[in-house]
Amino acid sequence: MERKRKYLPYILLVLLVILTASIWFFVFQHKNNPYLKVVFLDVGQGDSIYIEAPNGVQMLIDGGPDAKLLSSLSKVMPFADRSIDMIVATHPDQDHIGGFPLLIDNYKVGSILENGATSDSKVYESLESKIVKNKIKKMIAKRGMHIILDDKKNIYFDIIFPDRDVSNFDSNDGSIVGKLTYGKESFMFTGDATTYTENLIGWNEKDSTLKSDVLKLGHHGSHTSSGLSWLEKVNPKVAIISVDKGNKYGHPHKDILDRLTSLHIPFLKTSDLGNIVFESDGVKLVVIK
């Protein structure tokens, strides 16, 4: 027994060294991934997209409706990584910001980008309180903002909408719309933007600006979003529908699926596949799942 006790400190030291080495291995591997990773997280009836640049910079667009965000994130982020550089709240509805308060409790968040609209909901009040308490830098999205995620690889996120004050807009109409670009590949993120918002954007932007390889359909495939003109302008190789199986809203709407079919745009649903993972080297885009 005495002999076992004698070697106990050495055993603990070896275990500590192994644990530390493992943590640094995962961190090093995470910071040196040669690909841009974009993951449409399975958060039920809501939206959340995790973006990781090759240099390790991370952005999270929307936070889903609840704590499911954390379990979905744990499948795509290294165990030792407990920070996210920027989160984006496209608009203050529960199904887009519900997971953010818990996220802030468990991760260090560098900054948050909002659309400037407010809400009297408890989850919004909780989020804003935690932003202040944790001294998170808060910014209001405006058309023309150019957010660089990876300077060396020239990966950036451009804000396309809002182009005006949306504090008095319908909540969905005021959603942040942004485009992520890496070389020849691009992603369009729409929050719950409606056809009204799509038309506003269409009047402001050239078709070449809107053209994207991957389109996250607005409002979970609702018939109030993803108008024919918008789909033609964006002209994606694939559309993503973030939705819960058997949801009470009937999303995705049959009209939207018919519209996608008529334009020969394939689509993937989180309700069918769970987390949907894309990787790109700026030339090729690969769907991991």
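Structural remarks
- Residue 181 fulfils the conditions (1) without any contact (Cβ under 8 Å) to a residue 40 or more places away in the chain; (2) touching a helix residue (DSSP H, G or I) at 6+ places or on another chain (Cβ under 9 Å) except for a single criterion, (2).
- Checked against the criterion of being of a type in the set (Gly, Ala, Ser) and crowded, with 19+ Cβ neighbours inside 10 Å, the candidates 208, 262, 229, 222 yield just one match: 222.
- Selection within the range 51-66 - acidic (Asp, Glu), in a loop (DSSP other than H, G, I, E, B) and surrounded by 24 or more Cβ atoms within 10 Å (Cβ to Cβ): 62
- Only one entry of 80, 117 meets the criterion of being in contact with a helix residue (DSSP H, G or I) (Cβ under 6 Å, 6 or more places away or on another chain), assigned to a loop (DSSP other than H, G, I, E, B) and among the hydrophobic types (A, V, I, L, M, F, W, C), and that entry is 80.
- For first residues located in the range 145-164 and among the charged types (D, E, K, R), partners that are modelled with pLDDT under 95 and lie 6+ apart or on another chain with Cβ distances below 8 Å form the pairs 163/204.
- Residue selected from the range 267-289 under the condition free of Cβ contacts under 8 Å to residues at least 60 places away in the same chain and touching a Leu at 6+ places or on another chain (Cβ under 8 Å), by the criterion surrounded by the most Cβ atoms within 10 Å (Cβ to Cβ): 267
- Count of the range 67-93 residues which are within 15 Å of the chain's Cα centre (by Cα), under 18 Å from residue 105 (Cβ atoms) and either surrounded by 17 or more Cβ atoms within 10 Å (Cβ to Cβ) or not assigned by TED's automatic domain parsing to the domain that holds residue 52 (or both): 11
- Pick from the range 96-110, criterion under 13 Å from the mean Cα position of the chain (by Cα) and in contact (Cβ under 8 Å) with a residue 40 or more places away in the chain, ranking: surrounded by the fewest Cβ atoms within 10 Å (Cβ to Cβ): 96
- Exactly one residue out of 272, 281, 255 is assigned by TED's automatic domain parsing to the domain that holds residue 74 and under 16 Å from residue 41 (Cβ atoms): that is 272.
- Among the residues making up the range 165-213, those that are in a loop (DSSP other than H, G, I, E, B), within 17 Å of residue 91 (Cα to Cα) and within 18 Å of the chain's Cα centre (by Cα) are 172, 174, 175, 176, 190, 191, 192, 193.
- Filter result (closer than 16 Å to residue 109 by Cα and touching a residue at least 40 places away in the same chain (Cβ under 8 Å)) within the range 31-66: 48, 49, 51, 57, 59, 60, 61, 62, 63
The values are calculated or read from the model by the stated rules, or taken from the named source; none is laboratory data. Model, not experiment: these values are computed from the prediction. A quick note on method: Cβ atoms are made from the backbone with ideal geometry, for glycine too, and the neighbour counts reach across all protein chains shown.
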